[in-house]
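The values are calculated or read from the model by the stated rules, or taken from the named source; none is laboratory data. Please read these numbers as outputs of a predicted model, since none were measured by experiment. Using ideal geometry, Cβ is built from the backbone for each residue, glycine included, and neighbour counts are taken over all protein chains shown.
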Amino acid sequence: MRDAHRKTSVYENVGKQFNKAADLMRLDPHIRRILSKTTNEISVNFPVKMDDGRIKMFTGYRVQHNDTLGPYKGGLRYHPAVDIDEVRALATWMTWKSGIVDIPFGGAKGGIQFDPCVCSSSELERITRRFTFALGCNIGPEYDIPAPDVNTNAQIMAWILDTYLSTQPPHTRQANRHVVTGKPVEAGGSLGRDKATGQGVVFTIEEWAKEKGLNLDGATYTVQGFGNVGSWASRLLKAHGAKLIAVEDATGAIANEKGIDADDLTNYVAKTGGVKGYPGAKETDHKTLLSTKADIFIPAALENQITAETAPLLQVRLVAEGANGPTDPAGDDILNKKGIDILPDILCNAGGVIVSYFEWLQNKRSEFWDLGEVDSKLYKKMVSAYARVRDTAKEFNTDWRTAAYIVALRRLEKVYKERGIFP
């Protein structure tokens, strides 16, 4: 799904988006200088014994962008394309997300550059535990809190939790359970965390549909990426009566104009590892998927999918960004000229960090909230953030992505001005 001819710098794209918003809102130049850089960049090389007895070296990263609003917060991804440029960009986006949805977290991100699909479960466990040990005190429940991201899940968070707690003095271990979020519920996780990002995507789509007078019952949508975010968004839209007509993931693309059952496809992918060969749809290709006429397109895969080359293909009313950075600046310009609405990633997919915050709070307070309470609180946060971005877009007469940046930058600017710069 990524453009094979050249690798666009995702961090460069973040800089362009940041500068556009900073110029428009006239961000204080001193604060602009601070926010344009990451605070800490940790790179660790560590050995792991593989199943066949070989020792293999892995490189892992943790980038901490800013902690002015609260502890660093962000996911860990396992993917062959992970590099420091990508992790810097993702860490920066996390700072903006927390600012937009008004939670007391900063931004961080991390990952390991490898393909987890070729590793056994026991190898994954050893890689995860050794990475956690290598990070050491660069993570912590009141300092930097990892979470799941691409190719990581609740099981991996449980291994991180166990490894981290094992390094702590026995009498403090129970006080450190909030070192990671996205844990299994039995290990201190929160109800609703598994669907949180997809749920947030759907909450923002609902608000947009209300304002546009679109009835989601019968509306059509396409999805790129059918992992956690794409599958949950699809299942939750199905409950509205919306019709999924095309899906793509790393294994291929499928389409059925009469509709694809999102629950059935989720079960199929759980068994086979991808959408390819799904009997309820016919095989198609990447360009045809992007060209499919529909009301909504949900990119929920990797970065830089909607570019100068692919944006002209889209025939939709809305792009709801479930992934981080799926649209580059050139793609943005084309979508805006075409009159296609965009729910930007730092707003649209912020449900994950919001429910991570709820999990962190529950652990700190030794509480356990039911699903209704989690969903209700998530809905309020997402709808409030949606309204802030919408109103800011009107105030500055600008696009929604730039408006979302301005919402975050205003909050950070205010805190910096109140606190001052040490010394």
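Taking segment 204-230, which residues are touching an Asp or Glu at 6+ places or on another chain (Cβ under 9 Å), in a helix (DSSP H, G or I) and touching a residue at least 40 places away in the same chain (Cβ under 8 Å)?
Selection gives 208, 212, 228, 230.
Just a yes or no: is a residue in segment 389-400 assigned to a helix (DSSP H, G or I), more than 20 Å from residue 209 (Cβ to Cβ), under 22 Å from the mean Cα position of the chain (by Cα) and not assigned by TED's automatic domain parsing to the domain that holds residue 298?
no
Looking at this structure, is residue 366 free of Cβ contacts under 8 Å to residues at least 40 places away in the same chain, closer than 26 Å to residue 251 by Cα and either buried (at least 16 other Cβ atoms within 10 Å of the Cβ) or among the hydroxyl-bearing types (Ser, Thr, Tyr) (or both)?
Judged against the criteria, residue 366 is not a match.
Among the candidates 77, 54, single out the residue that is closer than 17 Å to residue 124 by Cα and out of contact with any Ser or Thr (no Cβ under 8 Å at 6 or more places or on another chain).
Values: 77 fails: out of contact with any Ser or Thr (no Cβ under 8 Å at 6 or more places or on another chain).
One residue alone meets the criteria, 54.
Would you check if residue 357 is in contact with a Pro (Cβ under 8 Å, 6 or more places away or on another chain) and either surrounded by fewer than 24 Cβ atoms within 10 Å (Cβ to Cβ) or in contact (Cβ under 8 Å) with a residue 12 or more places away in the chain (or both)?
Answer is yes for this residue.
Do you know which residues across segment 325-370 are in a loop (DSSP other than H, G, I, E, B) and either within 19 Å of residue 312 (Cβ to Cβ) or more than 16 Å from the chain's Cα centre (by Cα) (or both)?
Result: 326, 328, 339, 340, 366, 367, 368, 369, 370.
In contact with a helix residue (DSSP H, G or I) (Cβ under 8 Å, 6 or more places away or on another chain), of a type in the set (S, T, N, Q) and closer than 14 Å to residue 249 by Cα - does that describe any residue in segment 264-275?
Yes, some residue in segment 264-275 is in contact with a helix residue (DSSP H, G or I) (Cβ under 8 Å, 6 or more places away or on another chain), of a type in the set (S, T, N, Q) and closer than 14 Å to residue 249 by Cα.
Could you pull out the residue among 281, 323 that is buried (at least 17 other Cβ atoms within 10 Å of the Cβ), under 22 Å from residue 100 (Cα atoms) and in contact with a strand residue (DSSP E or B) (Cβ under 8 Å, 6 or more places away or on another chain)?
Every option except 323 fails the conditions.
So, restricting to strands (runs of 3 or more DSSP E) that lie completely within segment 52-166, which ones have at least 2 residues that are free of Cβ contacts under 8 Å to residues at least 24 places away in the same chain and surrounded by fewer than 24 Cβ atoms within 10 Å (Cβ to Cβ)? Let's see the steps before the verdict.
Details: elements: 55-66, 72-78, 107-112, 144-148.
Where strands (runs of 3 or more DSSP E) fall fully within segment 52-166 and carry at least 2 residues being free of Cβ contacts under 8 Å to residues at least 24 places away in the same chain and surrounded by fewer than 24 Cβ atoms within 10 Å (Cβ to Cβ), they are 55-66.
Between residues in segment 244-261 that are at pLDDT below 95 and residues that are part of a strand (DSSP E or B) and charged (D, E, K, R), which pairs lie under 8 Å by C-beta distance while being six or more apart or on different chains?
Correct list of pairs: empty, since none qualify.
Might you let me know whether segment 117-125 holds any residue that is over 19 Å from the mean Cα position of the chain (by Cα) and among the acidic types (Asp, Glu)?
Looking for residues that are over 19 Å from the mean Cα position of the chain (by Cα) and among the acidic types (Asp, Glu), one finds at least one in segment 117-125, hence yes.
For residue 8, indicate whether it is within 20 Å of the chain's Cα centre (by Cα), modelled with pLDDT of 95 or more and in a loop (DSSP other than H, G, I, E, B).
no
Scan segment 238-265 for residues that are buried (at least 16 other Cβ atoms within 10 Å of the Cβ), of a type outside the set (A, V, I, L, M, F, W, C) and part of a helix (DSSP H, G or I) and report the count.
1
Take segment 401-423 and flag every residue that is of a type in the set (A, V, I, L, M, F, W, C) and within 21 Å of the chain's Cα centre (by Cα).
Across segment 401-423, the qualifying residues are 403, 404, 406, 407, 408, 409, 412.
Please find, among 188, 182, 192, 136, the residue that is on the phi > 0 side of the Ramachandran plot and over 23 Å from the mean Cα position of the chain (by Cα).
Values: 188 fails: over 23 Å from the mean Cα position of the chain (by Cα); 182 fails: over 23 Å from the mean Cα position of the chain (by Cα); 192 fails: over 23 Å from the mean Cα position of the chain (by Cα).
On inspection, the qualifying residue turns out to be 136.
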